[in-house]
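Provided herewith is a single structure, encoded as structure tokens, for subsequent inquiry.
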Amino acid sequence: MLKWIIGIIAAGLLAGVGAFAYFYITTDIPPAEKIALAEKTTVYYADGTTKIGSFAEQNREIIECGDLPDYVGKAIVASEDRTFYTNRGIDFKGIARALVNNITKGTRQGGSTITQQYAERYYLGETTSYIGKIREAMLALKIAQSQDKDQVLCNYMNTIYLGRGSYGIQAAAQAYFGKDAKDLSLAEAATIAGIIPSPGNWDPAVDADTAQQRLTRVLRIMKEDGYITAEQQSEAKDLPATVEYAANNMYEGMNGYLLTTVENELVASGSFTADELETGGYRIVTTLDKAMQDEIQSTGDTRPDGMPESIQIGGLAADPRDGSVKAMYAGSDYLTQQLNNATQSQFQPGSTMKPFALLGAAQEGVSFDTTFNGNSHQHFDGIENEVNNALEINWGNINLYQATANSVNTVFMDVNEHLTPQRTAQIAHEAGIESDIDETSPYNVLGINATTVWDLTQGHATIAADGVKNTLHIVDNVTDSDGKEMYKTVTENQKVFDANDCALVQKAMQGTTTSGTAAGTAAALGRAVAGKSGTANDETAASFVGYVPQLINVWAIWNPDENGSPQVVPEFAGYGVSSTGYPAHLFTEFMKQALAGTEVVDFPTATDKGKVGGPDGTWGLGAAYEQQKKAEEEARKQAEQEAQSEEESAGRTGVTGGSGDGGTGDGAGDASGDGGTTGGTTDGSGGTTGGDASGDGSGGTSGDAGTGDGSGATTPNGEAQ
């Protein structure tokens, strides 16, 4: 029996040794678990210092532990593993003690060392199975042999969950005391260390008594183990005050829209995945201007009395010279509505699509002085119904400058008929609009196809940049935690249109803000402004595009019902049909502040190289009409010149000839008819010796003095009328 017992024990020992050897040999130190290294990515405004928010799978910020006071790490060692500096990664006594307590008391006490916890979190993730725990122990042994204790402790401090949504000592220092970990006092460090086993329950703001007990325990152990003096223990004995904790949702308000736009742009670039952005600890600098962003948010959020709550607003501001987005109004609160009104929501742009057809006319060699029929009630090929202007106004015969300023539908339908809907759609796409445009419908020039504020801004920004397309972007650069550049947005500078053609469009659009549908806008800003208003065909949306050479700003409003279906935008706050003036109002309010104190940049000088009536003479009312109008104008001017010449001659000589009754020879005649040369009393002519000659007649050479309806005398004192 004894031999059997000894044999069984020996076999068990051999099996244990064999299993230990097997697990030890087959356990390698793997790459660090991704979740343990996860660090939040911080997003900044263009100044590189003002934070917008962060991406974080876990709220963690990896720090260099050499910057921490020595007592921060020592407090954690005192709380979690007093044998840390002497054990070999595993504390067998601690494991045995925990096992006995768990069996006898029904508790779930742990016996893991800091190295084991570090191995679990940093390399393996959480382990709960017995096999997993064995691998954890083997890994801890190997780590203890290959890594410095200070390195293990630092990684542990950067990894462990410490409550209040914080992972790592840096995030915890901010969450509990509103400061960096390097600035923690002894009492603050010991408080955090003391609540590690149950941070949610022992948070000083939740259970101050237990937190105080845990603080006292940590300080006592630190004193006993020689980490602090009795004086330091006494000075740190009181529980420090914590900052008020409220779950911080970084996506609240406008920030959610900005952060998701940044993330979407970087993911779409193919340079990052969403997971990498949430765990990589990057530093992202955007193109957003803090002052402009605050202003555009305030402008969009300020809703006038009587404006229905259902009306949605979207706005965007960008520098067309490089495509950098400066500000975005996407909604009032991301947590309330995740749909981005600047990049995702769609609306009918209406007449803000007309400038693309206008650009097409310039490309075709059509002079903007070409006259078109601007009246309502016209018919066009392929359209059964008649086409009208807003309010069915008849504008008469007008040129393209006037038609643009006043947004005359019938003129642009005529332009689109010559240009073709296919070409108009192609120009819009070349400018950068990615939304679908019906290439078969003549109505596409009136903006019947839905688009976004972002898309509309992109298209007009290309015209504003004199034909150079720069893709709109909100990210400037991305660097890693070491400052190495990981991503940089490169300005595209793609030349797609002729600069002079774009200058002609800009010139025409300036009429909108001086005398057209947005009259007074340019005066309000104190500089030349190109603009174009738009109203959806069924009055479900209104928009405005406006720009100066260095900044473009687009606004749109629309009125969806509960199911998202478009409804008519009603009049409100004094704004008329479909409230078409409200987007222009938003533009003016924002640009006043955005351009305050900035340089006045002039638009380029445009040269109209086109032919009146187009190269084939068929555009608008045609070249024949223009020639006839020109001939009539020249004849009118010639007649005026001849009349003026005759009048000047009559004033010089007093002789205009003509027949009539002679005048009296009193020496001071009025000549308002056709005068004569001699006086007389019969139905002859005025005389050379004077008299009143005011009759009609052909004048004679002799006669008696008298009065009549003649004209003019040549004698002194005569007054020619």
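The values are calculated or read from the model by the stated rules, or taken from the named source; none is laboratory data. All values derive from a computational prediction rather than experimental measurement. Backbone-built Cβ (ideal geometry, glycine too); neighbour counts: all protein chains shown. In case anyone asks, the SASA skips ligands and DNA or RNA and just uses the protein heavy atoms, side chains included. Shrake-Rupley method; radii C 1.70, N 1.55, O 1.52, S 1.80 Å.
Determine the pairs where a residue that is closer than 21 Å to Thr370 by Cα, located within region 628-642, has a partner that is surrounded by 10 or more Cβ atoms within 10 Å (Cβ to Cβ) with Cβ atoms under 9 Å apart, the partner being 6 or more residues away or on another chain.
Lys629/Thr371; Lys629/Asn397; Lys629/Leu621; Lys630/Val612
Failed condition for Asp369, given (1) in contact with a strand residue (DSSP E or B) (Cβ under 6 Å, 6 or more places away or on another chain); (2) not in a loop (DSSP other than H, G, I, E, B), with all others met?
Just one mismatch for Asp369, condition (2).
Is it true that Val285 is under 23 Å from the mean Cα position of the chain (by Cα) and of a type outside the set (Phe, Trp, Tyr)? Walk me through how you get there before you give the answer.
Working: under 23 Å from the mean Cα position of the chain (by Cα): yes; of a type outside the set (Phe, Trp, Tyr): yes.
Considered against the rule, which asks whether it is under 23 Å from the mean Cα position of the chain (by Cα) and of a type outside the set (Phe, Trp, Tyr), Val285 comes out as yes.
Take region 551-574 and flag every residue that is open to solvent by 10 Å² or more (accessible area, probe 1.4 Å) and either of a type in the set (S, T, N, Q) or under 29 Å from Ile463 (Cα atoms) (or both).
The answer is Trp558, Asn559, Asn563, Ser565, Gln567.
Does Thr370 qualify as being among the polar types (S, T, N, Q) and open to solvent by less than 10 Å² (accessible area, probe 1.4 Å)?
Yes: the conditions hold for Thr370.
In the list Thr287, Thr273, Thr260, which residue meets the criterion of being surrounded by fewer than 20 Cβ atoms within 10 Å (Cβ to Cβ) and touching a residue at least 24 places away in the same chain (Cβ under 8 Å)?
Details: Thr287 fails: surrounded by fewer than 20 Cβ atoms within 10 Å (Cβ to Cβ); Thr273 fails: touching a residue at least 24 places away in the same chain (Cβ under 8 Å).
Thr260 is the lone residue from the list that is surrounded by fewer than 20 Cβ atoms within 10 Å (Cβ to Cβ) and touching a residue at least 24 places away in the same chain (Cβ under 8 Å).
Taking Trp454, is it touching a Leu at 6+ places or on another chain (Cβ under 7 Å), open to solvent by 10 Å² or more (accessible area, probe 1.4 Å) and of a type in the set (Phe, Trp, Tyr)?
Details: touching a Leu at 6+ places or on another chain (Cβ under 7 Å): yes; open to solvent by 10 Å² or more (accessible area, probe 1.4 Å): yes; of a type in the set (Phe, Trp, Tyr): yes.
Here the answer is yes, as Trp454 does meet what is asked.
To continue, here is another question. Does Ala536 satisfy the condition of being modelled with pLDDT of 95 or more and under 25 Å from the mean Cα position of the chain (by Cα)? Lay out the reasoning, then the answer.
On the way: modelled with pLDDT of 95 or more: no; under 25 Å from the mean Cα position of the chain (by Cα): yes.
Against the criterion (modelled with pLDDT of 95 or more and under 25 Å from the mean Cα position of the chain (by Cα)), Ala536 does not qualify.
Moving on. Look through region 227-257, keep the residues that are closer than 30 Å to Asp81 by Cβ and among the aliphatic types (A, V, I, L, M), and return whichever of them is surrounded by the fewest Cβ atoms within 10 Å (Cβ to Cβ).
Step one: of region 227-257, the residues closer than 30 Å to Asp81 by Cβ are 227-243, 245.
Those left that are additionally among the aliphatic types (A, V, I, L, M): 228, 230, 236, 239, 241, 243.
Details: Ile228: 24, Ala230: 8, Ala236: 24, Leu239: 20, Ala241: 11, Val243: 13.
Looking at residues that are closer than 30 Å to Asp81 by Cβ and among the aliphatic types (A, V, I, L, M), I get Ala230.
Do you know which residues across region 387-413 are under 23 Å from Glu439 (Cβ atoms) and open to solvent by 50 Å² or more (accessible area, probe 1.4 Å)?
Within region 387-413, none qualify.
Conditions tested, residue by residue: (1) among the small types (Gly, Ala, Ser); (2) touching a Ser or Thr at 6+ places or on another chain (Cβ under 6 Å).
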{"residue": "Ala187", "(1), (2)": "yes, no"}
{"residue": "Pro199", "(1), (2)": "no, no"}
{"residue": "Ala205", "(1), (2)": "yes, yes"}
{"residue": "Thr216", "(1), (2)": "no, no"}
{"residue": "Ile221", "(1), (2)": "no, no"}
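Also, quick follow-up: Which residues, taken from region 296-305, are open to solvent by 50 Å² or more (accessible area, probe 1.4 Å) and not basic (Lys, Arg)?
Result: Ser298, Asp301, Thr302, Asp305.
Identify, from the list Lys488, Lys469, Lys507, the residue that is basic (Lys, Arg), over 30 Å from Val43 (Cβ atoms) and either open to solvent by less than 30 Å² (accessible area, probe 1.4 Å) or in contact (Cβ under 8 Å) with a residue 12 or more places away in the chain (or both).
Lys507
Related question: Just to be sure before I move on: is Ser407 within 28 Å of Ala268 (Cα to Cα) and either without any contact (Cβ under 8 Å) to a residue 24 or more places away in the chain or not in a helix (DSSP H, G or I) (or both) in the structure I sent?
No.
Under 8 Å between Cβ atoms, at least 6 apart or on separate chains: pull out the pairs that start in region 306-333 with a residue that is part of a loop (DSSP other than H, G, I, E, B) and end on any residue that is of a type in the set (Asp, Glu) and open to solvent by 40 Å² or more (accessible area, probe 1.4 Å).
Sorted first by the residue in region 306-333, then by its partner, the pairs are Ser310/Asp561; Gly323/Glu492; Ser332/Asp301; Asp333/Glu252.
A quick yes/no check of all residues on (1) in contact (Cβ under 8 Å) with a residue 12 or more places away in the chain; (2) on the phi > 0 side of the Ramachandran plot; (3) within 47 Å of the chain's Cα centre (by Cα):
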{"site": "Lys149", "(1), (2), (3)": "yes, no, no"}
{"site": "Ile160", "(1), (2), (3)": "yes, no, yes"}
{"site": "Gly163", "(1), (2), (3)": "yes, yes, yes"}
{"site": "Tyr176", "(1), (2), (3)": "yes, no, yes"}
{"site": "Ala189", "(1), (2), (3)": "yes, no, yes"}
{"site": "Pro199", "(1), (2), (3)": "yes, no, yes"}
{"site": "Asp207", "(1), (2), (3)": "no, no, yes"}
{"site": "Arg217", "(1), (2), (3)": "yes, no, no"}
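All but one of (1) part of a helix (DSSP H, G or I); (2) closer than 30 Å to Thr588 by Cβ; (3) without any contact (Cβ under 8 Å) to a residue 40 or more places away in the chain hold for Gln297; state the number of the condition that does not hold.
Result: Gln297 passes all but (3).
With respect to Gln593, determine if the residue is open to solvent by 50 Å² or more (accessible area, probe 1.4 Å), farther than 30 Å from Gly467 by Cβ and of a type outside the set (D, E, K, R).
no
Test each condition in (1) free of Cβ contacts under 8 Å to residues at least 60 places away in the same chain; (2) touching a helix residue (DSSP H, G or I) at 6+ places or on another chain (Cβ under 9 Å); (3) of a type in the set (Ser, Thr, Tyr) for Thr618 and report the one that comes out false.
Checking Thr618 against (1) free of Cβ contacts under 8 Å to residues at least 60 places away in the same chain; (2) touching a helix residue (DSSP H, G or I) at 6+ places or on another chain (Cβ under 9 Å); (3) of a type in the set (Ser, Thr, Tyr), the one that fails is (1).
Out of the residues in region 75-111 meeting the condition of being out of contact with any helix residue (DSSP H, G or I) (no Cβ under 6 Å at 6 or more places or on another chain) and open to solvent by less than 40 Å² (accessible area, probe 1.4 Å), tell me which one is modelled with the lowest pLDDT.
Ala98
Something else now. Filter region 414-426 down to the residues that are part of a helix (DSSP H, G or I) and surrounded by fewer than 22 Cβ atoms within 10 Å (Cβ to Cβ) and list them by number.
Keep residues of region 414-426 that are part of a helix (DSSP H, G or I), which gives 414-419, 421-426.
Within region 414-426, Glu417, His418, Pro421, Gln422, Arg423, Gln426 qualify.
Based on this model, can you work out whether Ile228 counts as touching a Ser or Thr at 6+ places or on another chain (Cβ under 9 Å) and either closer than 24 Å to Glu64 by Cα or assigned to a loop (DSSP other than H, G, I, E, B) (or both)?
no
Among (1) open to solvent by less than 40 Å² (accessible area, probe 1.4 Å); (2) not in a strand (DSSP E or B), which single condition is Thr517 missing?
Among (1) open to solvent by less than 40 Å² (accessible area, probe 1.4 Å); (2) not in a strand (DSSP E or B), the lone unmet condition for Thr517 is (1).
Identify, from the list Val548, Val600, Val612, the residue that is surrounded by 19 or more Cβ atoms within 10 Å (Cβ to Cβ) and in contact (Cβ under 8 Å) with a residue 60 or more places away in the chain. Step through it out loud before you land on a result.
Working: Val548 fails: in contact (Cβ under 8 Å) with a residue 60 or more places away in the chain; Val600 fails: surrounded by 19 or more Cβ atoms within 10 Å (Cβ to Cβ).
Checking each option against the conditions leaves just Val612.
On to the next question. Does Asn449 fit the bill of being assigned to a loop (DSSP other than H, G, I, E, B), closer than 28 Å to Gln494 by Cα and of a type in the set (S, T, N, Q)?
Numbers: assigned to a loop (DSSP other than H, G, I, E, B): yes; closer than 28 Å to Gln494 by Cα: yes; of a type in the set (S, T, N, Q): yes.
Against the criterion (assigned to a loop (DSSP other than H, G, I, E, B), closer than 28 Å to Gln494 by Cα and of a type in the set (S, T, N, Q)), Asn449 qualifies.
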